[in-house]
Amino acid sequence: MESEKMSLTEHLGDLRKRITISLTTLLIAFIAAFNYSEELFRAVMFPLKYSLSFSMKNPFINITPQEKLSQTTKLVFLAPAEAFWMSMKVSFVAALVLALPVIFHQFWKFISPGLLAREKKYVFPFVISATGLFIAGALFCFFMVLPFAMGFLLTYKLGDVLMPMLSVGQYVDFCLKFILAFGAVFELPIIIIFLTRMGIVTTKTLAKNRKYAVLVAFVLAAMLTPTPDIFNQTLMAIPIIILYEVGIFVSWVFVRKKTADAG
């Protein structure tokens with residue numbers, strides 16, 4: 001493999017090159033996204049104002065206003081620069097999503113010297129699937145999990161005594177942390193496929209240890225969710241368990257294909 005021909009200095013130089021390209025792309029994407037920071041900020045308000053509803057008739061998906069939530073919940077900022085920094089954060093996350101294809105491609109370019117020639121051809125499937133899974137996780141969180149979480153948490157035991165009034169910083173941080181966490185969690189099938197292809201684990205071992213995977217899913221959910229309550233942890237743990245099963249199935253398909261090709 002080519003990695004045996006590269007010295008440590010060359011590896012570090014290549015790593016610096018990949019990081020520089022990724023950061024430069026991220027900076028360009030951030031400048032572009034910041035020009036639309038107001039529109040992005042309005043988009044982040046979606047879980048607070050609307051939710052998705054499903055039906056068996058056309059249209060199958062409807063956007064339903066959360067009237068009770070939007071009437072009772074007001075966003076305020078508690079520091080002079082809080083609103084500005086929230087626009088910066090929203091723009092950064094949008095820039096990160098835009099730069100993901102380049103970042104994943106640079107990651108693949110960095111590890112490619114250690115891959116076999118037949119494995120290097122998977123660069124575009126890897127970049128497309130890794131980017132697609134992250135975006136799928138972010139969208140699932142934004143349109144499904146966050147409206148449900150907001151509708152439950154901000155109306156729980158709501159009455160004359162309690163009235164929600166969120167700071168814009170608390171709301172945006174809550175949403176962005178959830179979105180990034182779900183995006184990262186949705187990469188689980190790729191991680192499982194990578195581990196099985198490297199021979200570190202087998203699909204049989206993964207399937208046999210499902211009960212431990214469930215435990216780990218809730219531990220990860222507790223670490224990744226911005227709030228300590230079991231409600232939000234469950235919202236994340238369930239997709240992790242499903243993605244774990246998806247990763248096992250796809251890895252099993254790859255293993256069968258590899259065995260068939262070898263035979």
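The values are calculated or read from the model by the stated rules, or taken from the named source; none is laboratory data. Predicted, not measured: the structure shown is a model, and the values here were computed from it. When we count neighbours, we look across all protein chains shown, and the Cβ atoms used for this are built from the backbone with ideal geometry, even at glycine.
Do we have any residue at all in segment 74-81 that's closer than 25 Å to L139 by Cα, at pLDDT below 90 and touching a helix residue (DSSP H, G or I) at 6+ places or on another chain (Cβ under 8 Å)? Checked against the condition, which is being closer than 25 Å to L139 by Cα, at pLDDT below 90 and touching a helix residue (DSSP H, G or I) at 6+ places or on another chain (Cβ under 8 Å), segment 74-81 yields at least one hit. Scanning segment 92-150 for residues that are without any contact (Cβ under 8 Å) to a residue 40 or more places away in the chain, under 25 Å from I241 (Cβ atoms), touching a helix residue (DSSP H, G or I) at 6+ places or on another chain (Cβ under 7 Å) and not polar (S, T, N, Q) returns L100, F104. Screening the candidates L180, L224 for the property of being modelled with pLDDT of 85 or more and hydrophobic (A, V, I, L, M, F, W, C) yields one hit, L180.
Please count how many residues of segment 189-226 are of a type in the set (G, A, S) and closer than 22 Å to K177 by Cα. Show your work before the answer.
Initially, segment 189-226 is screened for residues of a type in the set (G, A, S), giving 199, 207, 213, 217, 221-222.
Next, only the ones that are closer than 22 Å to K177 by Cα stay: 217, 221-222.
Residues in segment 189-226 being of a type in the set (G, A, S) and closer than 22 Å to K177 by Cα: 3 in total.
Given the structure, is S129 out of contact with any Pro (no Cβ under 7 Å at 6 or more places or on another chain), among the small types (G, A, S) and modelled with pLDDT of 75 or more? In short, yes.
Taking the condition aliphatic (A, V, I, L, M) and either in a loop (DSSP other than H, G, I, E, B) or modelled with pLDDT of 75 or more (or both), does L96 pass? When the stated conditions are applied, L96 passes them.
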